[in-house]
Amino acid sequence: MLNYSAGSLTGRSSKPFALVIFGASGDLTRRKLIPALFGLFKEKALPDNFQIIGFARREKTDDSFREEMLEGMKQYSRFNPVASQEWQEFAKHLSYHVGNFDDPAPYKSLAEKLQQLKDQGLEQKLFYLSTGPEYFINVMEQLHGAELISHGCSSRVVIEKPFGNDLKSAQEMVKALQGCIDESCLYRIDHYLGKETVQNLLYFRFANSIYEPIWNRSLIDHIQITVAEKEGVGTRGGYYDHVGALRDMVQNHMMQLLTITAMEPPGSFTSEAIRDEKVKVLKSIPTPTGEAVQRIAVRAQYEGYRQSDRVNPDSKTETYAALKLTIDNWRWAGVPFYLRTGKFMQTRASEIVVVFRRPPLALFETSQEQLEMHRNRLHIRLQPDEGIHLRFNAKIPGKSNMGPVDMDFAYKSQFGSYSPEAYERLLHDFIIGDSTLFTRSDEVLESWRIMDAITAGWQESPVALYRQKSWGPSESEAILKADGNTWFPLEKAGS
């Protein structure tokens, strides 16, 4: 995990492999997985000898499966228009296998097919569970029964989120899956970790000596993390109404951003060293009490959510969540971490804002100068318009007062428009066996510990409302106001 520049994937070789995608007739396969694998093929990041097998219940031939995947490529690939010759070469590596997830027979025939491929030199067996979470254990047990997975890492498995819907279900799933395969061979995917800007947080923090001495409670006042979505639930109301913002975004994506922002320097850039430090951050977050949740967490719905398709008209599911967390360790004790996420927000943006402490104001005698003194802020914009912006104070030329100025770094102007899709990075790491950007079981369980406490504390509290295309409910401001802070607007990074 040392080079994420354009074309770096080609420098990390993989052995010939057979990859089986369960749930291959679903949306994720044609929207993300096949376009990402084609991208790796086009960038020459795959070996010459590989096979991708779609496994699903619907009857299809190899040719009809390839045609469906090509239609997905035309809609979603970053390489459009897709060159006919390149697609034909790639499509030779695609095939289809019909089977029900709970029927042992198709797993037996799959094992026979994989044995034939092994005889042809494709020794690596890889499995991607692009299914609903209710099928995870069933598929894994069937794979284990067919001797396609076992302890000892003869094969590897990717599981999509959500990994459980609370601590108890996550614990049960961990136990069941680890009965089929070693933890080190199980890759829990979170596509947020595949984003170049999220990975760059590690380099930003640990490859620049100017930041490490100030990255602590002595100079940082608080940190804000925002993931805002511009659209509502749309046609996903039936799914979303059983999940909500806390489970859909905070438990996974936002906690990943928090841990990377707050973690200690790892001893190396190996997967276990980095994941160990992330888990230490989560273990240092106290479990909120029911009384504390009333002060540190707000849930809300955008106006009109209950009228959405397949949403319960009496629903209490949150489309917005805001919370304050603290990390009780030497680096961060006393520094609030404010998190917020919501649908139908004013704009689409993912951003981390590091707010530094105010300097001593004795030098600036007038109250007007004190009012003009802005706290230094570091804005790390993850999407869109990816970049890093530092706001500091400077004297305005020709005047005796000061004003804020920005130092800007924009990815697009510095590195051009090239940016690998998140699934390209993650799939390539999975293929070569690099688990750095995947979530370990203890990290999942620690995150659920915190989320469960917040969910329990919300049981007796009302659901606030907020206007569509706003920044959320006024109640969320109270969380920051209690500490003398306020949410910073994200219309323009660094504003």
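Quick notes
- Around the Cα centre of the chain, unit charges on the Cβ atoms of Lys, Arg, Asp and Glu (plus for the first two, minus for the last two) sum to a dipole of about 940 debye.
- Between Lys175 and Asp408, the contour length at 0.36 nm per residue exceeds the alpha carbon distance by 79.2 nm.
- By average C-beta atoms within 10 angstrom, highest first, the peptides 379-391, 425-437: 425-437, 379-391
- Cross-link pairs beyond the 23 Å C-alpha cut-off, checked among Lys74/Lys108; Lys32/Lys60; Lys15/Lys175; Lys113/Lys195; Lys125/Lys161: Lys74/Lys108; Lys15/Lys175; Lys113/Lys195
- A Cβ-based charge dipole, computed about the Cα centre of the stretch 241-360 with Lys and Arg at +1 and Asp and Glu at -1, lands at about 280 debye.
- Extended-chain gain in nm, criterion 0.36 nm per residue less alpha-carbon gap, Ala292 and Asp102: 64.0 nm
- Considering only Ala83, Phe163, Phe17, the residue lying farthest towards the positive end of the dipole of the stretch 8-188 is Ala83, judged by Cα position with unit charges set on Cβ.
- The calculated FRET efficiency for the pair Tyr211 and Asp63, based on their C-beta separation and a Förster distance of 41 Å, comes to about 0.15.
- Dipole moment magnitude, nearest 20 debye, the stretch 8-188 about Cα centre, only Lys, Arg, Asp, Glu C-beta charged: 500 debye
- Ranked by how many other beta carbons lie within 10 Å on average, peptides 189-196, 462-469, 41-48 from highest: 189-196, 41-48, 462-469
- Loop sites in the stretch 248-345: trypsin sites (Lys or Arg not before Pro), DSSP, at most 15 other Cβ within 10 Å: Arg310, Lys316
- Value of [θ]222 nm, deg cm²/dmol, for the chain, DSSP H segments ≥ 4, -39500 (n - 2.57) each, nearest 500: -9500 deg cm²/dmol
- Normalised contact order of the chain, rounded percent, pairs of Cα under 8 Å and 6 or more residues apart: 17 percent
Taken together, the values in this text are just the output of simple stated rules run on the coordinates, not laboratory data. Because the structure is predicted, anything quoted here is derived from the model rather than measured. Counting neighbours? That spans all protein chains shown, and the Cβs are built from the backbone with ideal geometry, glycine included.
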